[in-house]
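Asker: First, the structure itself, so that you have it in front of you.
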Amino acid sequence: MRQKHVKGDLTVARGSSGIVAGLTAAAVAAVCFLAYQASANAPDSVAAPSAQTSGPTAAPSAKPKPTKEPLAVPGDSDAGARVVYALKDRRVWIVDDAEKALRTFRVMPSTVSPLPGVYRVTSRSGSIKGSDGVLIEHVVRFASVDDVVVGFSAAQDDSMASPDPTAKTGGVRMKRADGDALWTFATVGAKVVVVA
């Protein structure tokens, strides 16, 4: 009788393990189905793999190029104490012997510009009337192109209007405060470097 009872228990145990295995398989299938449904209905921002995901197939990210300081003294502008005039940038730097920019500022170019190169301040005038008829001050001349004298100056009314494109003028205009600083620095014989 006892053996029969044990045999019956084994039969029940085998039947229970089959039920448990069946329920487990059904549960796994249900979870897989629900996961598929969730991924199919998810918005693209969630469903799509992240571009930042790293793995063996992820491409190495490109290192950002170091940005050049926009107001840094141009590298091709000679050395030593000098005034640097960048034609394309329409900017002037006043640079000391230690290669430190003491001041930088925007300018309005004239219709006649000198070629890139090294020049020297040839003459200065405190206050005169410019070739365009505007009263100017702190005129610092440093070049001559086809009989047109080129120099820095500031309009006494502090304007920096574009020059008449039909007139041949050599005045590179700046604000009065910048003209004051340039006047103090750029004495006769001072170096002026023009860069493209």
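The values are calculated or read from the model by the stated rules, or taken from the named source; none is laboratory data. Here the structure is a predicted model, which is why all the values come from computation and not from measurement. Virtual Cβ from ideal backbone geometry, glycine too; neighbours counted across all protein chains shown. Side chains included, ligands, DNA and RNA excluded: accessible areas come from the protein's heavy atoms. Shrake-Rupley method; radii C 1.70, N 1.55, O 1.52, S 1.80 Å.
Asker: Counting only residues 5 or more places away or on other chains, whose amide H sits under 5 Å from the amide H of Thr122 once H atoms are built in the peptide plane?
Answerer: Under 5 Å from the amide H of Thr122 lie the amide H atoms of Arg141, Phe142, Gly189, each far enough along the sequence or on another chain.
Asker: How would Trp93, Trp183 line up by accessible area, probe 1.4 Å, largest first?
Answerer: Highest to lowest solvent-accessible surface, that is Trp183, Trp93.
Asker: From largest accessible area down, sort Asp132, Asp76; use a 1.4 Å probe on the protein chains.
Answerer: Asp76, Asp132
Asker: Could you give each residue of the range 182-196 its phi-based ³J(HN,Hα) in whole Hz, using Karplus coefficients 6.51, -1.76, 1.60 with θ = phi - 60°, and x for Gly or Pro?
Answerer: Using θ = phi - 60°, the values come out as 5, 4, 5, 7, 8, 7, 4, x, 5, 7, 10, 10, 9, 10, 5 Hz.
Asker: Rolling a 1.4 angstrom probe over the protein heavy atoms, how many square angstrom per residue are accessible across the range 132-196?
Answerer: Each residue of the range 132-196 exposes 46 Å² on average to a 1.4 Å probe.
Asker: While we're here: If we sort 121-131, 169-179 on the protection proxy, mean other Cβ atoms within 10 Å, highest first, what's the order?
Answerer: Top to bottom by mean Cβ count within 10 Å: 169-179, 121-131.
Asker: Length gain on complete extension for the stretch Asp76 to Leu115, per 0.36 nm per residue less the alpha carbon to alpha carbon distance?
Answerer: Full extension of this stretch gives 12.6 nm more.
Asker: Okay, moving on. Near Gly179, within a Cβ-to-Cβ distance under 15 Å, what is the net charge of the other residues, with Lys and Arg +1 and Asp and Glu -1?
Answerer: With Lys, Arg at +1 and Asp, Glu at -1, the neighbours total +3.
Asker: Another question, then. Want the number for Thr184 to Leu102: 0.36 nm per residue separation, take away the alpha-carbon distance, what's left?
Answerer: Here the segment from Thr184 to Leu102 would lengthen by 28.3 nm.
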